[in-house]
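Just below is one structure, and these are the notes that go with it.
The values are calculated or read from the model by the stated rules, or taken from the named source; none is laboratory data. If you're wondering where the values come from, they're calculated on a predicted model, not measured in any experiment. Virtual Cβ from ideal backbone geometry, glycine too; neighbours counted across all protein chains shown.
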Amino acid sequence: ILRPRRASAADAVRPTRAEINLAALRHNLRVVERHAGRAKIWAVLKADGYGHGASAVARTLERAGVGGFCVALLEEGIDLRKAGIAAPILVMGGYYGGAHAEVLAHRLTPVVYDGAQLEAFARLVRAGPTGRTGQTGQSGQPSGPIDVHVKVDTGMARLGVTMDQLPAFADRLRATRELHVRGLMTHLAQGDALLPEETQEQIRLFEQATALLASRGIAPEVRHAANSAAILRPDIALADARFDAVRPGVALFGVPPLLVSDAPVSDGLLPNGLDDGAGLPVSSELRPVMRVRSEIVDVRDLPVGAKVGYGALWRAPRPSRIATIAMGYADGLSRQLSNKGHILVRGKRAPIVGAVSMDMVMIDVTEHAGVSVRDEAVVLGAQEGPLGKDVILAQEIAEHAGTIAWEVLTSISRRVPRFYREP
Ligand SMILES: *Cc1c(COP(=O)(O)O)cnc(C)c1O
């Protein structure tokens with residue numbers, strides 16, 4: 001709603017925008033496919049495709065051959081159908097608040113994990129297509145059983161049938177003829193951990209859950225567990241986590257998940273001898289998809305001691321040239337970046353100075369010869385200019401802001417128009 005609707009980059013009044021590189025998206029899909037082996041790709045496009053615009057991303061990925069999509073919310077699934085996506089769409093979040101009929105009306109595949117959901121969907125199937133939607137002629141649903149995916153909790157403690165509840169739940173599934181258990185899924189809590197033990201334990205429980213369903217005559221055709229980290233990590237042992245389908249999110253957008261350690265660091269060394277607690281990138285083949293750029297809207301020269309921004313969080317230690325950029329925290333540039341991190345101007349980093357404000361941020365361009373109003377300022381992504389060539393990755397911003405790249409991407413707000421390019 002807040003997003004300015006403009007047909008092209010040239011129409012944008014404010015020069016702040018996110019450029020989405022669809023060729024990079026397709027490249028990342030190929031990388032993920034290579035790591036996924038025989039498993040099908042079910043692209044995770046929650047939160048508006050990790051901030052990239054779910055419709056355009058989904059259309060591109062569908063044309064490039066992904067097997068299906070996963071979203072967190074019913075609303076997100078409906079948006080993809082409205083964008084013309086025909087592939088299967090799995091609604092993972094599952095809290096429908098009574099909107100089960102809408103799930104079916106839009107031919108979305110629900111994830112189920114409690115008895116009330118089974119009952120609600122079964123009732124809709126019994127009511128038939130018209131009874132289901134209340135809008136005759138719209139659904140086009142077959143009157144037979146509907147496909148569902150069952151989610152089991154193997155260690156995430158978020159959603160899913162617990163291993164304790166599973167026997168009773170499986171009995172109930174078997175008795176619910178209106179539903180066909182097409183998929184079985186779980187979610188890995190530590191797919192990015194340096195050591196694979198916890199993930200291996202989750203996989204062991206997932207196999208146990210599979211066997212338990214089999215004992216009740218339920219044999220899901222599609223089992224899936226792996227997120228980006230689990231797909232891309234090099235450990236051979238985790239090839240088992242790929243099953244029939246994988247659910248990559250962040251990797252498609254060019255962010256390599258890190259292998260991180262939560263084990264106590266002893267003598268400054270991690271268990272495997274690595275000395276860097278920050279993590280180990282699992283793949284360097286990925287290309288960032290989003291580039292966020294704005295422009296310099298003001299340049300001023302300040303004397304030593306001059307104060308910059310709200311709260312005077314920065315004072316000039318020397319005569320300084322300060323540029324104002326037309327992007328602030330309401331656009332998704334975290335206020336945590338106050339006095340931290342960089343923005344690229346003329347191909348070279350300029351440090352952020354003072355507090356990030358709602359619509360603007362200031363940078364120190366004292367070392368940037370020839371800087372002027374209307375120069376491009378790159379907040380995220382690469383820039384080449386007269387002073388050099390550099391790149392600011394989502395991971396770097398995340399580190400400065402005390403968060404993860406996932407949050408950096410999904411924080412770019414709806415006020416920043418997205419423009420799609422095919423280089
Ligand atoms: C977000 C999510 C994913 C994708 O995670 P990435 O780390 O972005 O690859 C996969 N499965 C579930 C259930 C999720 O919520």
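Touching a strand residue (DSSP E or B) at 6+ places or on another chain (Cβ under 7 Å) and either assigned to a helix (DSSP H, G or I) or modelled with pLDDT of 95 or more (or both): does that describe HIS149? Walk me through how you get there before you give the answer.
On the way: touching a strand residue (DSSP E or B) at 6+ places or on another chain (Cβ under 7 Å): yes; either assigned to a helix (DSSP H, G or I) or modelled with pLDDT of 95 or more (or both): yes.
Yes, satisfied.
Criterion first (more than 16 Å from the ligand (Cβ to nearest atom), of a type in the set (A, V, I, L, M, F, W, C) and surrounded by 21 or more Cβ atoms within 10 Å (Cβ to Cβ)) does LEU173 satisfy it? Quick ask: steps written out before the conclusion?
Working: more than 16 Å from the ligand (Cβ to nearest atom): yes; of a type in the set (A, V, I, L, M, F, W, C): yes; surrounded by 21 or more Cβ atoms within 10 Å (Cβ to Cβ): yes.
In short, yes.
Looking at GLY53, GLY65, which one is away from the ligand (no atom under 14 Å from the Cβ), surrounded by fewer than 17 Cβ atoms within 10 Å (Cβ to Cβ) and among the small types (Gly, Ala, Ser)?
Details: GLY53 fails: surrounded by fewer than 17 Cβ atoms within 10 Å (Cβ to Cβ).
That would be GLY65, the only listed residue that is away from the ligand (no atom under 14 Å from the Cβ), surrounded by fewer than 17 Cβ atoms within 10 Å (Cβ to Cβ) and among the small types (Gly, Ala, Ser).
Rundown of residues vs (1) closer than 15 Å to GLU295 by Cβ; (2) touching a Cys at 6+ places or on another chain (Cβ under 9 Å); (3) crowded, with 18+ Cβ neighbours inside 10 Å; (4) among the aliphatic types (A, V, I, L, M), yes/no style:
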{"position": "ARG318", "(1), (2), (3), (4)": "no, no, no, no"}
{"position": "VAL365", "(1), (2), (3), (4)": "yes, no, yes, yes"}
{"position": "GLN383", "(1), (2), (3), (4)": "yes, no, yes, no"}
{"position": "VAL408", "(1), (2), (3), (4)": "no, no, yes, yes"}
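Is there any pair with a first residue in the range 67-83 that is touching a residue at least 40 places away in the same chain (Cβ under 8 Å) and a second that is within 12 Å of the ligand (Cβ to nearest atom) and among the basic types (Lys, Arg) whose Cβ atoms are under 6 Å apart and which are 6 or more apart or on different chains, and what are they?
Taking only residues 6 or more apart or on different chains, the pairs are CYS70/ARG247.
What pairs come up if the first residue lies in the range 285-301 and is without any contact (Cβ under 8 Å) to a residue 60 or more places away in the chain, the second is outside any loop (DSSP other than H, G, I, E, B) and surrounded by 19 or more Cβ atoms within 10 Å (Cβ to Cβ), and their beta carbons are under 7 Å apart, counting only those six or more places apart or on different chains?
Short answer, once both residue conditions are applied: ARG300/ILE322.
Looking at the range 235-256, which of its residues are surrounded by fewer than 24 Cβ atoms within 10 Å (Cβ to Cβ), assigned to a helix (DSSP H, G or I) and either under 21 Å from the mean Cα position of the chain (by Cα) or within 9 Å of the ligand (Cβ to nearest atom) (or both)?
If the condition is that a residue be surrounded by fewer than 24 Cβ atoms within 10 Å (Cβ to Cβ), assigned to a helix (DSSP H, G or I) and either under 21 Å from the mean Cα position of the chain (by Cα) or within 9 Å of the ligand (Cβ to nearest atom) (or both), then ARG242, VAL250 are the ones that fit.
Could you give me the residue pairs with C-beta distances under 6 Å whose first residue belongs to the range 159-188 and is in contact (Cβ under 8 Å) with a residue 24 or more places away in the chain, whose second residue is within 16 Å of the ligand (Cβ to nearest atom) and charged (D, E, K, R) wherever it lies, and which are 6+ apart or on separate chains?
So the pair list comes out as LEU159/LYS151; GLY160/LYS151; GLY160/ASP153; LEU184/ARG223; MET185/LYS151.
Of the residues PRO288, PRO281, only one is within 29 Å of ASN339 (Cα to Cα), at pLDDT below 95 and within 16 Å of the ligand (Cβ to nearest atom); which? Steps first, please.
Numbers: PRO288 fails: at pLDDT below 95.
None of the others qualify; the one that does is PRO281.
Name the residue, out of THR366, THR410, that is on the phi < 0 side of the Ramachandran plot, touching a residue at least 40 places away in the same chain (Cβ under 8 Å) and assigned to a loop (DSSP other than H, G, I, E, B).
On the way: THR410 fails: assigned to a loop (DSSP other than H, G, I, E, B).
Residue meeting the stated conditions: THR366.
Search the range 197-219 for residues being crowded, with 22+ Cβ neighbours inside 10 Å and not hydrophobic (A, V, I, L, M, F, W, C), and hand back the single one that is farthest from the chain's Cα centre (by Cα).
Looking at residues that are crowded, with 22+ Cβ neighbours inside 10 Å and not hydrophobic (A, V, I, L, M, F, W, C), I get GLN202.
Among residues belonging to the range 220-234 that are surrounded by fewer than 24 Cβ atoms within 10 Å (Cβ to Cβ) and closer than 17 Å to GLY183 by Cβ, point out the one that is farthest from the ligand (Cβ to nearest atom). Please lay out each step first, then the result.
First, the residues of the range 220-234 that are surrounded by fewer than 24 Cβ atoms within 10 Å (Cβ to Cβ): 220-223, 227, 234.
This time we only want the ones that are closer than 17 Å to GLY183 by Cβ, so: 220-223, 227.
Numbers: PRO220: 16, GLU221: 19, VAL222: 14, ARG223: 13, ASN227: 4 Å.
Per the stated criteria, the residue is GLU221.
Within the range 265-278, can one find any residue that is modelled with pLDDT of 55 or more and surrounded by fewer than 20 Cβ atoms within 10 Å (Cβ to Cβ)?
Keep residues of the range 265-278 that are modelled with pLDDT of 55 or more, which gives none.
Scanning the range 265-278, I find no residue that is modelled with pLDDT of 55 or more and surrounded by fewer than 20 Cβ atoms within 10 Å (Cβ to Cβ), so the answer is no.
Matching residues to (1) modelled with pLDDT under 95; (2) closer than 30 Å to ALA326 by Cα:
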site	(1), (2)
PRO15	yes, yes
ILE20	no, yes
ARG26	no, no
ARG30	no, no
LYS46	no, yes
GLY51	no, yes
SER55	no, yes
ARG59	no, no
GLU62	no, no
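Which numbered condition trips up GLY217, out of (1) of a type in the set (Gly, Ala, Ser); (2) within 16 Å of the ligand (Cβ to nearest atom); (3) part of a loop (DSSP other than H, G, I, E, B)?
Among (1) of a type in the set (Gly, Ala, Ser); (2) within 16 Å of the ligand (Cβ to nearest atom); (3) part of a loop (DSSP other than H, G, I, E, B), GLY217 violates only (2).
Can you name every residue in the range 330-348 that is buried (at least 19 other Cβ atoms within 10 Å of the Cβ) and farther than 18 Å from VAL416 by Cβ? Before the answer, list the steps.
Here is the first cut: in the range 330-348, the ones buried (at least 19 other Cβ atoms within 10 Å of the Cβ) are 331-334, 337-338, 341-346, 348.
SER338, HIS342, VAL345, ARG346, LYS348 - these are the residues of the range 330-348 that are buried (at least 19 other Cβ atoms within 10 Å of the Cβ) and farther than 18 Å from VAL416 by Cβ.
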